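One structure, as structure tokens, below. Some questions next.
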Amino acid sequence: MKIKPPRRNALLWLYEPLEDDPRFERRKLFSTDAAYLDGKIYFALRDGPEPWGGLLVCTSRDRHAALTADYPQLKPHAVLGKWLHLSPFHPEFETVAQELIALGLARDPRLGVLPQPRRRK
């Protein structure tokens, strides 16, 4: 039986500006590649179909209005409504995603959430 190698995420190039930050860490989060800065999760990326494809912006509901005022391309995620989503099919996806990554690198206070602690089995 052949085992398929894992598929590489074609959107990982968006994280390149974060890679020089010593407090950046990339981890798998379900089927996405998540970006952590200072122990907080800021973004999750996945190429593929919606609702999981594109850029997930990790934030809290009370910060949605401030972010969507500046980036109306962001919509609450269809499954994880606490996070915002930028569709990979939006015509401004690359530009807006790069701007959001730059905000993360600058530690914009509207971005980033502490991950839930892992439960012991």
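Sorted from largest down, what three extents in whole angstroms do the Cα atoms of the chain have along their principal axes?
That gives 51, 36, 30 Å along the principal axes, largest extent first.
I need the peptides 74-83, 60-69 ranked by packing, meaning the mean over residues of other C-beta atoms within 10 angstrom, with the highest value on top.
Going from most to least packed, we get 74-83, 60-69.
Can you pull out the GluC sites (Glu not before Pro) in the range 40-112 that DSSP calls coil and that have at most 13 other Cβ atoms within 10 Å?
Counting only loop positions with at most 13 other Cβ atoms within 10 Å, the GluC sites (Glu not before Pro) in the range 40-112 are GLU92.
Here's a follow-up. Which value in Å does the Kirkwood hydrodynamic radius of the range 54-121 take, with 1/r averaged over all unlike C-alpha pairs and then inverted?
Across the range 54-121, the inverse of the average 1/r is 12.6 Å.
Here, each number is a calculation from the coordinates, and none is a lab measurement. Predicted model, so just to flag it, every value in this text is computed and none were measured. Backbone-built Cβ (ideal geometry, glycine too); neighbour counts: all protein chains shown.
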